[in-house]
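Some notes on the structure that comes next.
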Amino acid sequence: MDDTQILCGEHLCNTYARLPVVFKRGEGCRLWDEAGREYLDFVAGIAVCNLGHCDPGVTEVVCRQAATLVHVSNLYYTRPQVDLAAELTRLSFADKVFLSNSGAEANEAAIKLARKYSKDRHGEGRFHIITMKESFHGRTLATLSATGQPKVHKGFEPLVEGFSFVEFNSLPAVEAAVTERTCAVMVEPIQGEGGINLPAPGYLAGLKELCLRRNLLLIFDEVQVGMGRTGSLFAHQAEGVAPDVMTLAKALGNGLPIGAMLATNKAASAFVPGTHATTFGGNPLVTAAALHVLKRIADPAFLEEVQDKGQYFRGRLEELKTRHSAAVRGVRGRGLMVGLELTAPGAKVVEACLARGFVINCTHDTVLRFVPPLVVEKPHIDALVRALDEVLTEVTP
Ligand code: PLP
């Protein structure tokens with residue numbers, strides 16, 4: 001173990017099972033460790049560095065803004081925050097934005113908004129939110145309570161009241177779960193942490209119809225799938241279904257901590273001064289960076305390339321599946337959110353790839369998750385597939 005790993009064990013809370021590598025530098029799709037060894041990155045800080053590591057454009061904006069104004073709080077107006085919100089609303093269904101520091105906080109805002117909106121319109125007691133099994137919405141107390149995974153709840157009971165979980169992709173299950181106390185349905189348009197689970201055709205449209213009919217808010221958690229990851233700026237846009245509320249974070253700042261809750265005027269009307277706040281949220285530094293990121297990712301040519309590279313990636317993995325039919329159960333994904341489901345736990349594959357200089361991730365025990373920087377190139381994909389080919393031969397009996 002090197003010095004950094006020892007110090008980490010001594011001084012940081014033991015909340016992460018980290019892989020044995022200390023990264024020092026990044027550029028585009030590449031990372032370098034302390035010894036100068038190079039890696040190709042297919043994790044991108046968990047779907048965060050969509051424009052690649054240390055993108056020169058982002059760096060320039062951050063340096064300029066850091067030398068101009070970093071923070072004054074939301075007691076005052078700042079231009080980068082307003083410009084970002086204007087661009088987010090111009091590019092989406094939404095009219096209003098609340099800026100936070102993370103995905104969990106964006107979801108907290110959405111949960112609070114749904115409760116407040118319902119209380120304002122319908123009175124007491126209507127605060128339940130239906131979410132999906134295997135969903136992931138964050139680690140704060142309310143968002144872990146909203147998360148449909150018992151392992152995330154364990155040890156933190158009693159949970160925040162008012163969440164019920166139904167099978168992802170089952171409209172009848174949602175319909176059956178709605179009661180007079182329900183105020184909203186919250187769903188990831190593609191489940192990320194739950195194993196890259198795609199919505200069945202018509203599922204999101206069905207949720208929209210149900211929410212309209214039962215007078216519920218529809219909340220899309222696009223923290224992981226938003227910002228070009230799936231080949232459209234926001235994943236739901238490919239389905240032609242708009243929610244009432246959407247949350248973003250991760251890639252919005254390309255690594256700078258920023259989240260956002262977007263809402264229609266109708267839903268957002270429930271937030272008035274004093275109902276919600278954050279000290280750092282939307283400060284000039286992160287919003288200047290996010291505006292730059294948003295403009296670059298919203299470019300149709302950029303998004304088209306994401307679709308093209310995603311299709312290529314999945315095609316290459318399908319070939320791998322034919323060669324390793326005992327080890328690989330399936331390939332799925334959209335754009336550059338790609339999953340390879342194995343027949344056994346994927347931890348060893350992740351380690352063996354790292355040893356070969358490829359950074360990949362496994363979610364939900366058996367699903368290799370590939371969420372590279374969106375600037376990944378086809379030769380990088382080919383190199384990874386070659387490494388996976390060797391690794392699957394080596395680690396599967
Ligand atoms: N929602 C989804 C869909 C996520 O994937 C995540 C994180 O992985 C979160 C919310 C929580 O975001 P954060 O870790 O920024 O709080």
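Since every read-out is calculated from the coordinates, none of them should be taken as a lab result. Worth saying up front: this structure is predicted, and the values here are computed from it rather than measured. Using ideal geometry, Cβ is built from the backbone for each residue, glycine included, and neighbour counts are taken over all protein chains shown.
A few points about this structure:
- Those residues of the range 355-373 which are closer than 13 Å to residue 387 by Cβ and surrounded by fewer than 18 Cβ atoms within 10 Å (Cβ to Cβ), in sequence order: 355, 356, 357
- Members of the range 68-81 that are closer than 18 Å to residue 273 by Cα and either among the hydroxyl-bearing types (Ser, Thr, Tyr) or within 23 Å of the chain's Cα centre (by Cα) (or both): 73, 76, 77, 78, 81
For every residue, the table says whether it meets (1) on the phi < 0 side of the Ramachandran plot; (2) away from the ligand (no atom under 16 Å from the Cβ); (3) not aliphatic (A, V, I, L, M).
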site	(1), (2), (3)
60	yes, yes, yes
80	yes, yes, yes
88	yes, yes, no
94	yes, yes, no
105	yes, no, yes
116	yes, yes, yes
123	no, yes, yes
134	no, no, yes
138	no, no, yes
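- Some residue of the range 261-275 being within 14 Å of the chain's Cα centre (by Cα) and crowded, with 18+ Cβ neighbours inside 10 Å: yes
- For the range 215-270, a residue qualifies if it is touching a helix residue (DSSP H, G or I) at 6+ places or on another chain (Cβ under 6 Å), away from the ligand (no atom under 16 Å from the Cβ) and of a type outside the set (S, T, N, Q), and the qualifying residues are 217, 231, 239, 241, 244, 267, 270.
- Scanning the range 86-101 for residues that are crowded, with 21+ Cβ neighbours inside 10 Å and within 18 Å of residue 279 (Cβ to Cβ) gives 97, 98, 99, 100.
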